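The structure under discussion appears below in the form of structure tokens.
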């Protein structure tokens, strides 16, 4: 028995040596032959310069104990964000899906008075199911199927990552109860819309949601309100125009604490779901819109807002702040005036 000890120790050391952060990528068109381009809405596999536009990214750090959560990021790849979520023991993917439909929708179609135009399009883009008469997005080009096929590919190409834990036993779907939907701007809005349709573990929304003339934010939600988390800069145009505060209140996030400025507070921020910042952006509203996701390190070598990101993605959803009244200074009626 004593002779086995060195062997077991060596085996353990070899496994530890193999552990690392895996940053993986693969084009959606190479994973699934059913994937198609839709040039009428400027959705293609290459950009205007001929470079691949359908490259998808994934991350997992096997040095960190797995938490059994998959973050689906609905926006362009952000390496800083992926490094953060993998350090929490999360898996992460950024799927390429049919989200270029803005170009094909007219102002008249946007503002038809129903309050559901954008929400239906977002839901079709997310699910690949027929929710909107204005677009035609097949299932293989929707976020759900693109994500499923990507995770299946990852389970084969990166066995150390144990991606199969996120696939249902019949192989037909992801285990959405293990999924955290996240995005910024357009991506955060679609993440929220999808989470209202499909229950997920959590939703982390940066600079969003928007769709300020829509009413879907106030509809019944499959994902409970305590699972929605938002973060924005107060100079962001979506904040100054009351788009985000409106969506946050329609999503009933005020039932879980007041708006907290993280510049003057520390985690867990009173267990609230609504966080804002006023970090110096030299008055640049565009920079304010994007600064809330990881983009660099401060003078001390720390990620900007490191504590905020960890809170948004890992704070226990059953720990909520006290319910507060809706903010009367937030303009809720933003329907176009006839």
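Each reported figure results from applying straightforward, stated rules to the coordinates on display, with no laboratory input. Note that the structure is a prediction, hence the values are computed from the model and not measured. Every residue, glycine among them, receives a Cβ derived from its backbone with ideal geometry; neighbour counts consider all protein chains shown.
Considering only segment 21-314, what is the antiparallel percent among its DSSP beta bridges, to the nearest 5? Approximately 40 percent, going by the DSSP bridge assignments. Between residue 51 and residue 319, the contour length at 0.36 nm per residue exceeds the Cα-Cα span by 92.0 nm. Using the Cβ-Cβ distance between residue 107 and residue 44 with R0 = 22 Å, the FRET efficiency computed as 1/(1 + (r/R0)^6) comes to roughly 0.35.
Peptides 184-195, 28-39, 275-286 ordered by packing proxy, namely the average of other Cβ atoms within 10 Å per residue, highest first: 184-195, 28-39, 275-286. Each peptide in 206-214, 77-85 receives the mean, over its residues, of other Cβ atoms within 10 Å, and ordering these scores from highest gives 206-214, 77-85. For 318, 112, the sequence from fewest to most other C-beta atoms within 10 Å is 318, 112. What the Cβ-Cβ distance of residue 234 and residue 335 gives, at R0 = 35 Å and to the nearest 0.05, is a FRET efficiency of 0.90. Highest-first packing order for the peptide set 155-168, 215-228 is 215-228, 155-168, based on the mean count of other beta carbon atoms within 10 Å.
The distance linking segment 218-241 with segment 126-143 is 24 Å (Cα centroid to Cα centroid, whole angstrom). Shape class of segment 80-165 from the alpha-carbon gyration tensor: prolate, with a/c at 1.5 or above and a/b greater than b/c.
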